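The values are calculated or read from the model by the stated rules, or taken from the named source; none is laboratory data. Note that this is a predicted model, so its numbers are computed, not measured. Note that we place each Cβ from the backbone using ideal geometry, even for glycine, and neighbour counts take in every protein chain shown. The area values use the complete protein model at the heavy-atom level, side chains included, leaving out ligands, DNA and RNA. Shrake-Rupley method; radii C 1.70, N 1.55, O 1.52, S 1.80 Å.
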Amino acid sequence: MAFLELTNVRKVFPNAQTPAVEDFNLNVNAGEFVSFLGPSGCGKTTTLRMIAGFETATSGSIVMDGRDITPIRPNQRNIGMVFQSYALFPNMNVADNIGFGLKVGGKSKPEIKERVGEMLALIKLEELGNRYPYQLSGGQQQRVALARAIAIRPQLLLLDEPLSALDAKIRLSLRNEIRSIQRQLGITTVYVTHDQEEALSLSDRVVVMNRGLIEQVGPPFEIYNFPTTEFVASFVGTLNLLKVKVIDPATGAIQVDGQTFFTGRPLVNHAAGETAQIALRPGIVQSRQHGARR
Amino acid sequence: MATTISTAPRRHFSWVWLGLTPFFLFAILFILLPSTSLFIDSFRDGQGNFTLANITGLTQSPIPESYWLSIRISAVTAIFGGILGFLLAYSRASGNLPRWLYPVTLTFAAVASNFAGVTLAFAFVNTLGRTGFVTAVLKGLGLDIYGFGFNLYSFLGLSLTYMYFQFPLMLLIMVPAIEGLKKEWREAAENLGASTFQYWLRVGFPLLLPSILATMLLLFGNAFGAYATAFALTGGRLNLITIQIGAQMRGDVLHNVNLGYAMALGMVLIMAVSLVGYTYLQRISERWLR
Ligand SMILES: Nc1ncnc2c1ncn2[C@@H]1O[C@H](COP(=O)(O)OP(=O)(O)O)[C@@H](O)[C@H]1O
Ligand SMILES: [Mg+2]
């Protein structure tokens with residue numbers, strides 16, 4: 001049984017023409033890092049917020065650790081969340097921000113102090129415990145937000161475009177830091193992004209979404225090299241779309257302009273003689289001058 | 001004839017400055033010039049010679065008592081008006097009120113916060129005065145408020161009257177301040193396990209506190225400078241500093257206009273102190289709520 005199970009989740013906002021999320025089925029295993037990838041407005045945030053409890057699903061169920069969490073209030077779910085805008089409490093210093101969840105949870109002072117110290121070490125900001133959020137850079141603020149979410153030892157970590165507000169260089173280093181912290185703690189993580197590079201480089205599995213629907217779920221390699229829909233093919237990476245004639249589905253033989261090529265794997269769902277669409281990534285076409293195939 | 005060509009980059013004329021001209025003109029004409037002349041006149045006698053007599057005159061009874069009375073009434077109405085206004089703004093923000101109340105409360109606040117002077121005094125005399133409507137109704141119910149020692153023309157009565165414009169002003173300023181709290185702060189707190197009460201106690205209220213205190217200082221200044229309401233309500237019975245100044249200017253008593261200037265200068269200084277406090281608090285608030 002998966003750690004997090006979303007079954008037939010659907011969300012229709014009041015007065016909305018179309019559902020924000022529909023037919024959403026996904027199982028996330030314990031310790032797995034899953035990304036929701038898709039263009040703006042495709043329903044990533046809405047899905048994440050339903051998991052966190054800030055939105056109620058119109059129908060469907062969300063089960064975490066064998067327990068249906070749909071009726072549970074957000075402050076009882078024990079899920080950590082990181083927001084795009086950091087959402088640090090401006091009236092508290094870094095240490096108090098990180099310790100906030102423990103404090104409202106009634107933990108003792110020494111216990112809070114120890115955990116905050118651990119977290120500061122984890123995000124490598126030991127020196128900045130007394131600083132206020134407005135005295136930190138965006139990247140530092142987001143690390144504090146991450147530490148604050150993790151400090152309560154959540155069963156699940158949710159991140160909603162945590163790097164979007166940062167500049168490119170920091171985005172890259174913080175991305176790696178997030179991944180290494182996630183590996184270190186083994187915490188089950190759902191990560192929302194519209195940046196395909198981010199999703200592909202971070203995740204165990206990527207969920208590509210479009211218009212409230214899941215287009216494809218798979219490991220980054222699959223998503224990148226074997227997109228199952230035209231949308232995924234065009235959204236993920238730069239590529240060229242070609243109309244081809246299928247010669248032999250079993251060997252992956254196809255024909256373009258009378259020339260025969262081979263795709264890397266058999267073509268399921270296609271019959272010989274059919275016209276199909278392939279997506280070609282620049283840089284991965286190989287030629288074999290002396291083989292039987294060319 | 002030699003001509004020099006300026007190589008300095010030509011500064012573009014900015015329309016922003018033109019737009020600000022009325023503001024600067026206004027500030028110079030009605031703030032800077034009067035304050036300067038007030039300052040100068042405070043150190044002059046009737047013949048225009050330099051003197052410290054006006055300043056030392058400020059320590060003569062009843063002037064210190066008048067300052068103190070004005071400060072007390074301003075502080076009391078700022079604090080209670082502030083608390084009441086904040087609570088109303090808060091309950092508005094909690095979203096549990098009937099829908100029709102939302103625009104109604106704001107419109108009322110906008111009107112009431114500007115309702116002062118003779119009309120306000122008249123309204124209170126008509127309701128809570130010795131023969132006022134509410135007084136009569138209460139008396140009919142067996143509650144003789146004047147019999148219990150209430151008096152509209154007293155400290156308590158004037159405070160009640162001031163409350164009429166104090167709490168709506170607080171409400172008017174706190175509504176957008178509360179709306180300025182980011183939704184993410186609330187959600188982050190909730191996500192970390194905080195109850196609604198814990199959120200307000202540790203995040204919402206502390207974040208608003210600088211604005212609350214700053215607005216209370218504004219209310220203080222609002223009441224401190226009020227003259228017409230007090231004069232219309234109590235005549236000269238309550239010796240507020242503004243009423244004292246008015247008396248000096250009109251020549252009711254000794255008619256020492258320069259002493260009046262010195263008294264006004266004292267008011268300006270007290271206002272300036274509260275303005276410094278206001279600015280300081282606003283700056284904290286801005287840094288946080290940016
Ligand atoms: N509170 C809301 N009320 C109404 N519609 C909403 C609300 N939040 C999101 N939506 C709509 O739901 C759709 C999905 O939004 P969202 O989940 O935020 O997308 P994403 O995070 O992928 O950019 C959008 O069409 C958006 O306009
Ligand atoms: Mg989003």
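What to note about this one:
- Working from Cα pairs under 8 Å separated by at least six residues, relative contact order for region B:145-290 is 29 percent.
- When shorter helices are ignored and each DSSP H run of at least 4 residues is given -39500 (n - 2.57), the per-residue value for the protein assembly as shown at 222 nm works out to -15500 deg cm²/dmol.
- Shielded residues, region A:81-100 - accessible-area loss of 40 Å² or more between chain alone and all protein chains, probe 1.4 Å: A:Phe83, A:Phe89, A:Pro90, A:Asn91, A:Phe100
- Three-way shape call for region A:238-280 based on the alpha-carbon gyration tensor, with the a/c threshold at 1.5: prolate
- 1.4 Å probe accessible area per residue over the protein assembly as shown, in Å²: 53 Å²
- Surface burial for B against A, with a 1.4 Å probe and both sides summed, reaches about 2100 Å² of accessible area.
- Furthest towards positive pole of dipole, B:Leu259, B:Asn222, B:Ala194, structure part chain B, Cβ charges: B:Ala194
- Leading residue at positive end of dipole, region A:4-226 (Cβ point charges), from A:Thr56, A:Ser40, A:Pro110: A:Pro110
- For region A:102-134, heavy-atom accessible area (probe 1.4 Å) falls by no less than 20 Å² from the chain alone to the full protein assembly at A:Lys103, A:Val104, A:Tyr134.
- Rounded if a/c under 1.5, otherwise prolate or oblate - chain B, Cα gyration tensor axes: oblate
- The share of accessible area on the protein assembly as shown that comes from carbon and sulfur is 60 percent, using a 1.4 angstrom probe.
- Counting Cβ atoms of other protein chains within 10 Å of each residue's Cβ and taking the mean over peptide B:180-190 gives 6.
- Compared with the alpha-carbon gap, the fully stretched path from A:Met1 to A:Gln17 is longer by 2.2 nm at 0.36 nm per residue.
- Centre-to-centre, using Cα atoms only, region A:38-53 and region A:175-246 are separated by 16 Å.
- Here the relative contact order of chain B, from alpha carbon pairs under 8 Å that lie six or more residues apart, stands at 29 percent.
- In this simple spin-label model, placing a label point 7 Å from the Cα along the Cα-to-Cβ direction at both B:His255 and B:Val111 gives a separation of 4.3 nm.
- Among B:Leu219, B:Leu201, B:Leu209: highest mean-square fluctuation, GNM of chain B, C-alpha pairs under 10 Å: B:Leu201
- Membrane-span-like helices in chain B (whole DSSP H runs, Cα extent of at least 24 Å along the helix axis, mean Kyte-Doolittle hydropathy of at least 0.0): B:63-93, B:155-179, B:205-224, B:257-289.
- Only Lys, Arg (+1) and Asp, Glu (-1) charged, at Cβ; region A:193-282 dipole about Cα centre in debye: 200 debye
- Cα-Cα over 26 Å, subset of A:Lys124/A:Lys169; A:Lys11/B:Lys182; A:Lys103/A:Lys169; A:Lys169/B:Lys183: A:Lys103/A:Lys169; A:Lys169/B:Lys183
- For B:His255, the solvent-accessible surface with a 1.4 Å probe is about 100 Å², rounded to the nearest 10.
- Contact order for chain A, expressed relative to its length and based on alpha carbon pairs under 8 Å spaced 6+ residues apart, stands at 19 percent.
- Net charge dipole size for chain A [Lys, Arg +1 and Asp, Glu -1 on Cβ; Debye, nearest 20]: 380 debye
- For B:Thr51, the amide hydrogen comes within under 5 Å of the amide hydrogens of B:Arg44, B:Asp45, counting only partners 5 or more places away or on other chains and with H modelled in the peptide plane.
- Beta bridges per DSSP with both ends in the protein assembly as shown, % antiparallel, nearest 5: 65 percent
- In terms of its alpha-carbon gyration tensor, region B:1-135 comes out oblate; a/c meets the 1.5 threshold, while b/c is at least as large as a/b.
- Residue-averaged beta-carbon neighbours from other chains (10 angstrom radius) around B:196-208: 3
- Furthest towards positive pole of dipole, A:Leu213, A:Ile178, A:Val190, structure part the protein assembly as shown, Cβ charges: A:Ile178
- Solvent-accessible area lost in complex, 30 Å² minimum, residues of region A:28-64 relative to chain alone, 1.4 Å: A:Arg49, A:Phe54
- Only Lys, Arg (+1) and Asp, Glu (-1) charged, at Cβ; region B:176-290 dipole about Cα centre in debye: 100 debye
- Choice from B:Ser159, B:Ser61, B:Ser35 with maximal GNM fluctuation in chain B (Cα, 10 Å cutoff): B:Ser61
- When chain A is treated as a GNM with alpha-carbon contacts under 10 Å, the residue of A:Phe235, A:Phe13, A:Phe33 showing the greatest mean-square fluctuation is A:Phe13.
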